[in-house]
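Structure first, then comments.
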Amino acid sequence: MEHFFIASLPPVSPDDVRAAVRAWASEHWDPDLTLVAWRRLLVASGWAAPSWPERWHGRGLPAWSDEAANGELIAAGAVGAPVGSGMWLAAPTIVAHGPDATRERYLEPTLTGEQTWCQLFSEPGAGSDLAGLTTTAELDGDEWVVNGQKVWNTSAHHADLGMLMARTDWSASKHRGLTYFVLPMHQAGVEVRPLRQMNNHSSFNEVFLTDARIPRDAVVGEVGDGWRAALTTLAFERRFGGMARPSYASGPSRVLAEARREADEHFATYRWYPQRAGRADLVVERAHAARVDDDPVIRQEIARLLSMQSVSRWTADRARAALTLGRTPGPEGSIGKLAASLVAKQAAHVHSMIAGADGMLTGPDSPLGGVIAEVLVSVPAVSIAGGTDEIQRNILGEKALGLPREPGPGREVPFRDLPRNGI
């Protein structure tokens, strides 16, 4: 692989970063390369993830530099880092927690898009209470043997690797007996089954693990300390859950064609997410079309929705400002997640007021060809996915406001002695 000189005095402002990326892209962009070959050049330059340490393919710049560099690459007609949970969740967690052997093995192929990821956290009996998971990993020589079940796993049907949380010590307390693994998905012990949702989409899977095998050193963080790494992943999930699709340049280009296919495959899973968010952008137009825009009650509810939406947007701006300052994800993630849920529910409420009983109809003659009906059955998901509304309130109460913890068994009680699944 060709390596490029990385200046010892890196740029320190967004304008400097954009100018440096623009200059590098103008010299090295080659639309006739394969996507992987282009990204290998990009990784070697340090501009694929400039906020990462230089040792791990970055430039040691502030956290805001990733977005600035990627935006400049897109503006130059080139391609940046891959989309998806590998780049947004797995890689930053591995950078933060290591160990070095894991960083060496997984970071570069994640940056080039050669390895794709899915998240294997939730279980049928451990969703909101993630630390109550019962999937087990037992050491057998140079491998861990994994047994259990995971659920709500986006992209598990085509991912190469899984971010797996499993219990490695039943005698430790609930949060301390967990380990964060990198699970190879393409093996006989991993069975992926799609789930059909009530909005008729199939974005998620359930994953059954039967004597699945993991290399002994394929661990993120340390054995028994997986909860700390998992919290990092969850914090990034709440912040990056709404990442936008890159707008690649048009025209003939092998790199761009492959990047579009990559994005098409990834974002096809999320095509119903605008409806999950409530489609607040449609309410004013729908009120005019239904001739209820002069109804004082409906007008008040629309005003309430638009106000909530503005406050949510300001919260997101705070989170971006924190990122710009190089801070790790904080309570803004939980605030934003809870705000998004409240906005979505209010939007669904307004849509139902405007459409009335017709909002339950689907088909070409229904409101917006069934979009409103899809909103109504999709919105409940936003209050559950990525941590329920109740969990977000607990996080904010305990971590941000310093309120007492909810009553429950002592945190030092061995997990094997705790009641599980109502038993």
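The values are calculated or read from the model by the stated rules, or taken from the named source; none is laboratory data. Worth saying up front: this structure is predicted, and the values here are computed from it rather than measured. FYI the Cβ positions are ideal-geometry reconstructions off the backbone, even for glycines, and counts take in every protein chain you see.
For the range 133-185, filtering for residues that are among the polar types (S, T, N, Q), touching a Lys or Arg at 6+ places or on another chain (Cβ under 7 Å) and either over 16 Å from Phe208 (Cβ atoms) or surrounded by fewer than 19 Cβ atoms within 10 Å (Cβ to Cβ) (or both) leaves 4. Given the criteria outside the structural domain of Pro215 (by TED's automatic domain parsing), touching a residue at least 60 places away in the same chain (Cβ under 8 Å), in a loop (DSSP other than H, G, I, E, B) and farther than 22 Å from Arg245 by Cβ, does Pro31 qualify? Spelling it out, it is not the case that Pro31 is outside the structural domain of Pro215 (by TED's automatic domain parsing), touching a residue at least 60 places away in the same chain (Cβ under 8 Å), in a loop (DSSP other than H, G, I, E, B) and farther than 22 Å from Arg245 by Cβ. Checking the range 91-98 against the condition returns a match, with at least one residue being surrounded by fewer than 20 Cβ atoms within 10 Å (Cβ to Cβ) and either touching a residue at least 60 places away in the same chain (Cβ under 8 Å) or in a strand (DSSP E or B) (or both). Summed over the range 286-313, the residues that are more than 17 Å from Gly356 (Cβ to Cβ) and in contact (Cβ under 8 Å) with a residue 60 or more places away in the chain give a count of 0. Residues in the range 43-70 that are outside any loop (DSSP other than H, G, I, E, B) and either in contact (Cβ under 8 Å) with a residue 60 or more places away in the chain or closer than 22 Å to Asp317 by Cα (or both): Val43, Ser65, Asp66, Glu67, Ala68, Ala69, Asn70.
The residues of the range 128-157 that are of a type in the set (D, E, K, R), within 30 Å of Phe267 (Cα to Cα) and touching a residue at least 40 places away in the same chain (Cβ under 8 Å) amount to a single one, Lys150.
The set of residues from the range 46-67 being small (Gly, Ala, Ser) and crowded, with 23+ Cβ neighbours inside 10 Å comprises Gly46, Ala48, Ala49, Gly58, Ser65.
Gly162 meets each of the listed conditions (1) touching a Pro at 6+ places or on another chain (Cβ under 9 Å); (2) under 25 Å from Pro419 (Cα atoms); (3) of a type outside the set (D, E, K, R); (4) part of a strand (DSSP E or B) apart from (2).
Val219 meets the stated requirement of being touching a residue at least 40 places away in the same chain (Cβ under 8 Å), in contact with a Phe, Trp or Tyr (Cβ under 8 Å, 6 or more places away or on another chain), not small (Gly, Ala, Ser) and not assigned by TED's automatic domain parsing to the domain that holds Gln309.
Looking for something surrounded by 13 or more Cβ atoms within 10 Å (Cβ to Cβ), part of a helix (DSSP H, G or I) and out of contact with any strand residue (DSSP E or B) (no Cβ under 8 Å at 6 or more places or on another chain) - is there at least one such residue anywhere in the range 290-297? Checked the range 290-297: no residue is surrounded by 13 or more Cβ atoms within 10 Å (Cβ to Cβ), part of a helix (DSSP H, G or I) and out of contact with any strand residue (DSSP E or B) (no Cβ under 8 Å at 6 or more places or on another chain). None of Ser312, Ser383, Ser352 is of a type outside the set (Val, Ile, Thr), in the same structural domain as Leu282 (by TED's automatic domain parsing) and under 30 Å from Leu61 (Cα atoms) except Ser312. Among all residues of the range 98-111, there is at least one that is among the basic types (Lys, Arg), modelled with pLDDT of 95 or more and closer than 30 Å to Val219 by Cα.
The single condition from (1) outside any helix (DSSP H, G or I); (2) crowded, with 22+ Cβ neighbours inside 10 Å; (3) of a type in the set (A, V, I, L, M); (4) out of contact with any Pro (no Cβ under 6 Å at 6 or more places or on another chain) that Leu73 fails is (1).
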